[in-house]
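Shown next, in structure tokens, is the structure this report addresses.
The values are calculated or read from the model by the stated rules, or taken from the named source; none is laboratory data. No experiment lies behind these values; they were computed from the predicted model shown. Cβ: placed from backbone, ideal geometry, glycine included. Neighbour counts: every protein chain shown.
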């Protein structure tokens with residue numbers, strides 16, 4: 001026999017160990033789409049909510065470079081309030097979003113008083129002698145302070161704000177990376193900190209540190225990818241502009257400094273005109289990167305857009321000698337997307353298909369029902385197909401198998417499909433042509449999901 | 001008359017270079033890709049090669065590598081739209097690196113310099 005159930009923090013009953021629920025809330029926060037600040041706050045809330053587990057208050061420091069800065073303080077103002085937060089957290093059916101909203105409200109309340117003073121705190125992490133709170137973060141060690149007023153290592157301006165005799169410092173780190181520190185105390189109940197509290201807080205600190213680290217890593221990767229893409233784009237633009245400019249400059253100089261006959265003058269002007277057109281094309285081809293406004297998808301009918309693209313001059317010019325088969329299923333549901341961008345995307349795909357297909361070949365366009373009430377549009381050509389190495393990178397920008405092309409067409413198509421919640425797939429084998437399949441979500445699917 | 005070989009896939013630039021450098025008193029031959037250039041190099045002697053880098057088929061860097069393999073003692077000028085190929089150490093084998101621009105002055109000066117050595 002098997003028993004299946006879906007687990008969430010709200011499944012905990014009030015009499016279950018609160019440590020379990022605490023860990024559950026914290027581990028959930030790693031997978032929530034909220035900001036790192038919101039998720040950290042949830043961790044702090046979990047650490048401070050309830051007298052049964054942990055602490056009354058939590059103060060968060062974040063490290064940036066070699067400086068540890070006070071960021072925020074979270075905690076109830078009284079024992080009653082501490083219990084009421086716990087009530088909120090353990091209300092059956094409460095969602096993560098409610099906890100986040102609750103936290104934001106708490107923070108707004110405290111924004112002008114305590115947090116302002118905390119934000120003024122900053123400690124060097126590499127300048128000796130290290131005081132508390134810098135020491136635990138710098139050494140990546142949990143420090144439990146008792147008899148704080150008599151302890152010379154504790155920074156007094158920090159202690160004046162904290163105003164307790166006992167507290168716990170939990171560093172937030174991952175490997176060698178110091179990310180911050182959490183200070184925990186029982187300022188309201190005055191309950192002494194116990195060993196089990198220290199263990200639990202240390203575990204939470206480890207989890208939070210790793211969570212913060214993975215978030216910063218993720219940000220770095222995204223940034224690096226963006227920079228790499230930008231660099232590639234700049235390279236490409238440079239090349240695309242320099243060649244025509246070299247030609248325009250050279251032929252203009254010829255016009256300026258020699259005695260030209262009418263034929264030569266005319267020839268040079270023709271070349272210059274052509275190169276200017278090329279410059280213009282570069283700008284035109286770059287425009288998808290600038291103008292794409294990824295609005296909310298609307299629902300529209302596919303067949304009229306397909307017809308309009310097939311009728312467009314550009315396609316009409318290129319289809320000479322190539323047969324285009326169109327097969328559109330009757331009564332297709334309306335699809336979600338932006339008809340203008342989709343039209344442009346389809347024009348790009350057809351353009352490619354027609355260019356790849358030799359005279360006498362065939363391009364087939366089929367639209368039919370797909371998964372989950374969606375619509376699938378496929379475009380098949382009888383061209384040479386794609387080499388394996390290129391197939392993998394086909395949707396990356398600036399990759400082109402055509403000498404004079406910028407290689408942004410398919411990247412654009414992918415962006416359009418991503419924006420409407422659909423997707424694009426490619427199948428291709430050398431010698432057997434290429435098949436693109438566009439999967440659209442339909443309005444009907446949306447309705448089913450409520 | 002010094003013989004120059006220009007390897008360039010852009011038609012308009014081939015024409016421009018041929019006219020302008022002929023006017024400077026050189027005997028100019030153009031090749032549209034690395035293959036064609038190597039074929040010409042096998043047939044005749046050139047005093048200087050000017051090559052683009054990004055070209056269909058084998059690129060300019062591969063061309064330079066091939067020429068080095070042929071042990072032909074011929075000066076090479078790289079003429080490309082990209083600055084970044086300077087980072088490819090194979091391009092250091094060339095005698096000069098001229099980025100394409102709207103004026104041919106720098107290229108002409110480099111040719112003159114290399115031809116008077």
Subject >> Subset of region A:354-383 [within 32 Å of the chain's Cα centre (by Cα), surrounded by 17 or more Cβ atoms within 10 Å (Cβ to Cβ) and not in a loop (DSSP other than H, G, I, E, B)] >> reply: A:367, A:375, A:376, A:377, A:378, A:379
Subject >> Residues (away from every other protein chain (no Cβ under 14 Å) and either in contact (Cβ under 8 Å) with a residue 60 or more places away in the chain or at positive phi (or both)) located in region B:21-49 >> reply: B:25, B:26, B:47, B:48
Original post:
Exactly one of (1) away from every other protein chain (no Cβ under 14 Å); (2) out of contact with any helix residue (DSSP H, G or I) (no Cβ under 7 Å at 6 or more places or on another chain) is unmet by residue B:18. Its number?
Top reply: (1)
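Being farther than 27 Å from residue A:333 by Cα and either in a helix (DSSP H, G or I) or in the same structural domain as residue A:425 (by TED's automatic domain parsing) (or both) is true for just one of A:350, A:386. Which residue is that? Spell out how you get there, then give the answer.
Working: A:350 fails: farther than 27 Å from residue A:333 by Cα.
Residue meeting the stated conditions: A:386.
Would you call residue A:232 within 14 Å of another protein chain (Cβ to nearest Cβ) and modelled with pLDDT under 80? Reasoning before the result, please.
Values: within 14 Å of another protein chain (Cβ to nearest Cβ): yes; modelled with pLDDT under 80: yes.
For residue A:232, the condition - within 14 Å of another protein chain (Cβ to nearest Cβ) and modelled with pLDDT under 80 - is met.
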Subject >> Residue within region B:78-94 that is under 14 Å from residue B:37 (Cβ atoms) and either free of Cβ contacts under 8 Å to residues at least 12 places away in the same chain or within 14 Å of chain A (Cβ to nearest Cβ) (or both) present >> reply: yes
Subject >> Hits in region A:45-69 - residues which are under 30 Å from the mean Cα position of the chain (by Cα), modelled with pLDDT under 85 and part of a loop (DSSP other than H, G, I, E, B) >> reply: A:65
Original post:
Can you pull out the residues in region A:168-195 that are surrounded by fewer than 16 Cβ atoms within 10 Å (Cβ to Cβ) and on the phi > 0 side of the Ramachandran plot?
Top reply: A:175, A:190
Original post:
Of the residues that sit in region A:418-435 and are modelled with pLDDT under 85 and closer than 30 Å to residue A:234 by Cβ, which one is surrounded by the fewest Cβ atoms within 10 Å (Cβ to Cβ)?
Top reply: A:418
**OP:** Please work out which one of (1) more than 14 Å from residue B:15 (Cβ to Cβ); (2) at the interface with another protein chain (Cβ under 9 Å from one of its Cβ atoms); (3) without any contact (Cβ under 8 Å) to a residue 40 or more places away in the chain is the condition residue A:256 fails and give its number.
**Re:** (2)
Subject >> residue A:282, sole failed condition from (1) modelled with pLDDT under 90; (2) surrounded by 15 or more Cβ atoms within 10 Å (Cβ to Cβ); (3) away from chain B (no Cβ under 14 Å) >> reply: (3)
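Only one of A:206, A:245 is surrounded by 15 or more Cβ atoms within 10 Å (Cβ to Cβ) and within 14 Å of chain B (Cβ to nearest Cβ). Can you tell me which? Steps first, answer last, please.
Values: A:206 fails: within 14 Å of chain B (Cβ to nearest Cβ).
Answer to the selection: A:245.
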Original post:
Only one residue in A:210, A:243, A:260 is over 30 Å from residue A:330 (Cα atoms) and outside any helix (DSSP H, G or I), so which one is that?
Top reply: A:260
Subject >> Check on residue A:143, surrounded by 18 or more Cβ atoms within 10 Å (Cβ to Cβ), more than 28 Å from residue A:31 (Cβ to Cβ) and modelled with pLDDT of 90 or more >> reply: yes
